[in-house]
Amino acid sequence: MNFEIDYIKQLAKLVDENSLSELILENGDTAICIKKGGEVVHVAPAAAPAAMHAPATVPPHGSMLPAETATAPAAPKGTPVTSPMVGAFYAAPSPGAKPFVRVGDKITVGQVVCIVEAMKMMNQIESEVGGTVVQICVEDGQSVEYGQVLMYVE
């Protein structure tokens, strides 16, 4: 299926009106990724589900790299816990509440470790591994991408 330009415009309007940072839509052998504030709207055939990754964005000329990139250790230890969707990362169930996990906490498989808000829905993210949280890689309220490492568990 090819996406019609009017349909793409409706999707772009949906992204804008709902304060989304990104929308990825797949239909058969075609996929579309619309990023708010991005310079490129990319429509390409989807080779396979495993090939669908968020496209890398290049910061505009003269912009600074995010602080967390500059301070992140070169070789993190442990198993990564990644975001299953694009959205906003929240470490606690509500503002001012105790975080789900902190560095040094022991967690079990299936334990809720954070929330990722996507399309006004609060999605509890459960750990797929057990162990000790050794690093939390994102700040509360920060936007996260699909597959982005949220924390490491050892």
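Any read-out appearing in this document is the output of simple, stated calculations on the displayed coordinates, not a laboratory observation. A quick note: this is a predicted structure, and the numbers were derived from the prediction, not measured. FYI the Cβ positions are ideal-geometry reconstructions off the backbone, even for glycines, and counts take in every protein chain you see.
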Inset, instruction - Would you work out the relative contact order for region 77-153, in percent, from Cα pairs under 8 angstrom that are 6 or more residues apart? - result: 44 percent
Inset, instruction - Give me the distance in nm between label points sitting 7 Å out from Cα along the Cα-to-Cβ direction at Val15 and Thr132, one decimal. - result: 4.3 nm
Legend entry - Spin-label model distance (nm) - Thr82 vs Lys36, 7 Å beyond Cα toward Cβ: 2.5 nm
Legend entry - Long pairs among Lys77/Lys98; Lys98/Lys120; Lys35/Lys98, criterion Cα-Cα beyond 30 Å: Lys35/Lys98
Legend entry - Global geometry of region 77-153, whether rounded, prolate or oblate, following the gyration tensor of its Cα atoms and the 1.5 cut on a/c: prolate
Inset, instruction - Step through the residues of region 110-117 one at a time and calculate ³J(HN,Hα) from phi using the Karplus curve (6.51 cos²θ - 1.76 cosθ + 1.60, θ = phi - 60°), rounding each to whole Hz and writing x for Gly and Pro. - result: x, 6, 5, 10, 5, 10, 10, 8
